[in-house]
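Notes for the one structure printed next.
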Amino acid sequence: MARLLAAALLMPALAAAADVRIVGEHLPPSSMMEGNVVVGRETRKVREIMARAGIRYTIELLPWKRAYAQALSAADTCIFSTSRTQEREAQFRWIGPLNEAQWVLYGLAERHLALRTLADARGLVIGTVLGDARDDYLRQHGMEVAPVTQEWLNPQKLLLGRIDLWAVGMAVGSKPFAGKAWEHKVVPLLEFNRVQTYLACNRQMPEAQAAAMQRAAAAMRRDGSMAREQLR
């Protein structure tokens, strides 16, 4: 880890020579800033992939829609952690999987809402992130969504009663709100989908680069590195 962090601190100086630009969003504990360095559970996985593949890179956090647009348009860009869906399949080169995620509708505990199926959420306003796969999925299923540009705005809106539900993507078995002051004010109401998440790279990325990254990801799954990072 010390080797990876030292390399991360040198990344700005190597920006002009970097082979790959990696973008993501602020989404603790998966990806966040610690000083001037991007850290987090999924960030560590991505850094290890790049180190094993021997590929120079930069990494930064942006609003999701902006990051996603850049990964689609710039040949040297990859984005994490990206839900692999049928609609997105042909848009990227997929490196991973990094993780498996549950899509869960959360609501305020005090409202005692009961959801058995997604159809039960019709007529309720659901907080999403603009351009996110959950946002697209819920729109396609006729749900009323209220998207924001960054995920951290959704719990605030939920607590203030500005949305009825919050569509959360979380690692299977995780406790995403542990330690938050509002942790016990929100409850899971319905798991409405499961997906695998990946490092998604622009289709124009050289095949040799993508193959090296995928070999590194596969090796991490075989030697248990992916699973160990999940527990940290």
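For W182, the solvent-accessible surface with a 1.4 Å probe is about 40 Å², rounded to the nearest 10.
Taking amide H as placed 1.01 Å from N in the peptide plane, L98 has its amide H under 5 Å from the amide H of T197, Y198, L199, each at least 5 places away in sequence or on another chain. Per-residue 3J(HN,Hα) values for region 38-51, derived from phi via the Karplus relation 6.51 cos²θ - 1.76 cosθ + 1.60 with θ = phi - 60°, read 7, 10, x, 4, 6, 4, 4, 5, 5, 4, 5, 4, 5, 5 Hz in sequence order (x marks Gly and Pro). Listed values for region 127-134 are Karplus-derived 3J(HN,Hα) couplings in whole Hz (6.51 cos²θ - 1.76 cosθ + 1.60, θ = phi - 60°), namely x, 9, 10, 4, x, 6, 4, 5, and x replaces Gly and Pro.
Phi angles of region 92-107 translate, via the Karplus equation with coefficients 6.51, -1.76, 1.60 and θ = phi - 60°, into HN-Hα couplings of 9, 8, 9, 10, x, x, 8, 6, 10, 10, 9, 9, 10, 8, 10, x Hz per residue; Gly and Pro are given as x.
How would you classify region 172-232 from its alpha-carbon gyration tensor, with a ≥ b ≥ c the square roots of the eigenvalues: rounded for a/c under 1.5, else prolate if a/b is greater than b/c, otherwise oblate? Since a/c reaches 1.5 and a/b is larger than b/c, the shape of region 172-232 is classed as prolate.
Computed per residue of the chain from DSSP H runs no shorter than four, each worth -39500 (n - 2.57), the mean residue ellipticity at 222 nm is -9000 deg cm²/dmol. Counting every pair of alpha carbons in region 127-232, the share spaced more than 21 Å apart comes to 52 percent.
So how tilted is helix 207-222 from the main axis of the chain? Cα-based, degrees 0 to 90, rounded to 10. In the chain, helix 207-222 runs at an angle near 70 degrees to the longest axis. For Y57, the residues whose amide H sits under 5 Å from its own are D19, V20, ignoring neighbours fewer than 5 places away on the same chain, with H placed 1.01 Å from N. Taking amide hydrogens as placed 1.01 Å from N in the peptide plane, the amide H of I163 sits under 5 Å from those of L158, each at least 5 positions away in sequence or on another chain.
When all protein chains stay in place and ligands, DNA and RNA are ignored, the 1.4 Å accessible-area order of T43, T117, largest first, is T117, T43.
Using a probe of 1.4 Å, the accessible surface attributed to E110 totals some 150 Å² when neighbouring protein chains are kept in position.
Once you have a ≥ b ≥ c as the square roots of the Cα gyration tensor eigenvalues for region 28-83, tell me rounded if a/c is under 1.5, and otherwise prolate or oblate according to whether a/b is larger than b/c. Oblate shape, in that a/c is at least 1.5 and b/c is the bigger or equal ratio.
With a Förster radius of 35 Å applied to the C-beta separation of R215 and K180, the computed FRET efficiency comes to 0.40. Sorting the segments 216-225, 192-201, 147-156 by their residues' average number of neighbouring beta-carbon atoms within 10 angstrom, most packed first, yields 192-201, 147-156, 216-225. The label-point distance for R122 and V172, in a model that sets each label 7 Å from Cα toward Cβ, rounds to 3.0 nm. Taking a ≥ b ≥ c as the square roots of the Cα gyration tensor eigenvalues, region 98-163 comes out rounded, since a/c falls below 1.5.
Over all Cα atoms in the chain, the spread is summed up by Rg and Dmax: 18.0, 54 Å.
Working from Cα positions, state the angle (0 to 90°, nearest 10) between the long axis of helix 64-73 and the longest principal axis of the chain. Roughly 40 degrees between the two axes. For S174, the solvent-accessible surface with a 1.4 Å probe is about 40 Å², rounded to the nearest 10. What is the list of residues in region 122-142 whose amide nitrogen lies under 20 Å from a point 7 angstrom out from the Cα of A69, following Cα to Cβ? Hits in region 122-142 for A69 at 20 Å: 128-137.
The values are calculated or read from the model by the stated rules, or taken from the named source; none is laboratory data. It should be emphasised that the depicted structure is a prediction, and the values quoted were computed from it without experimental measurement. Using ideal geometry, Cβ is built from the backbone for each residue, glycine included, and neighbour counts are taken over all protein chains shown. Heads up: the accessible areas ignore ligands, DNA and RNA and are worked out on the full protein's heavy atoms, side chains in. Shrake-Rupley method; radii C 1.70, N 1.55, O 1.52, S 1.80 Å.
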